[in-house]
Amino acid sequence: LGMDIQNIAVWGAIVLVVTKVVTVKSAFASFQMRTVFVIAFMLPIGTALTETGAGDWIADRVFALIGTGSDRVILFAIFFLGCVVTQFMSNTAASTLLCPIALSIATGLGVNPKALLIASILGTSCGIMTPMAMSVNAAMMEPAGYKFKDWIIPGGIVCVACCILNVILLPIIFPLHT
């Protein structure tokens, strides 16, 4: 289409309102300011990680732990880091924090940054093991009578499955060494 994602989203919203699939009132009612604030406050932190060198420092610590291991070890480490961090904050915030770190690790290792960025994003998309990871999980706890432990096992199984698929498929789709 030759349009960037932001323009497509705006035009899609306009079409939904004009065709009366969604009313203006319901569109604004569904708008969550919490998400806007999370993004607004986390983007500067991601920028600060890059500009202050803190992202490189964290990348150096991760690099020291994983060394120059195989491609699959590197992808596992990035995915696992994203998966753990996102259990305690929104996936948007976790991704904003980890993408500069993944980029620094890719640069330090001299590998394809796409692979590590995708591993980071996929890892931070696995925010399903705790109710804090997703607002929907937290909102369902009380009405459904869920306990914290009710998220751990099923979420953990899904996270492990995603990790295995990530480690198997990412080096094929996005080879680290091109």
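Kirkwood analysis of the Cα pair distances in the chain returns a hydrodynamic radius of 18.0 Å. Taking Cα atoms only, the orientation of helix 91-109 departs from the longest principal axis of the chain by about 20 degrees.
The accessible area of R61, taken with all protein chains in place and a 1.4 Å probe, comes to roughly 110 Å².
Selection among V22, I78, S95 by position relative to the dipole of the chain gives V22 as farthest towards the positive end (Cβ unit charges, Cα centre).
Relative to the dominant Cα principal axis of the chain, helix 5-18 is inclined by about 20°. What a 1.4 Å probe finds exposed on region 46-118 is 67% carbon and sulfur by accessible area, rounded to a whole percent. Distance between the pseudo-spin-label points of F88 and T52 (7 Å out from Cα toward the beta carbon): 1.7 nm. D71 contributes about 50 Å² of solvent-accessible surface, heavy atoms of the protein only, 1.4 Å probe. Heavy-atom accessible area with a 1.4 Å probe sorts I153, I66, largest first, into I153, I66.
The values are calculated or read from the model by the stated rules, or taken from the named source; none is laboratory data. Here the structure is a predicted model, which is why all the values come from computation and not from measurement. A quick note on method: Cβ atoms are made from the backbone with ideal geometry, for glycine too, and the neighbour counts reach across all protein chains shown. All accessible areas refer to the heavy atoms of the entire protein, side chains included, with ligands and DNA or RNA removed. Shrake-Rupley method; radii C 1.70, N 1.55, O 1.52, S 1.80 Å.
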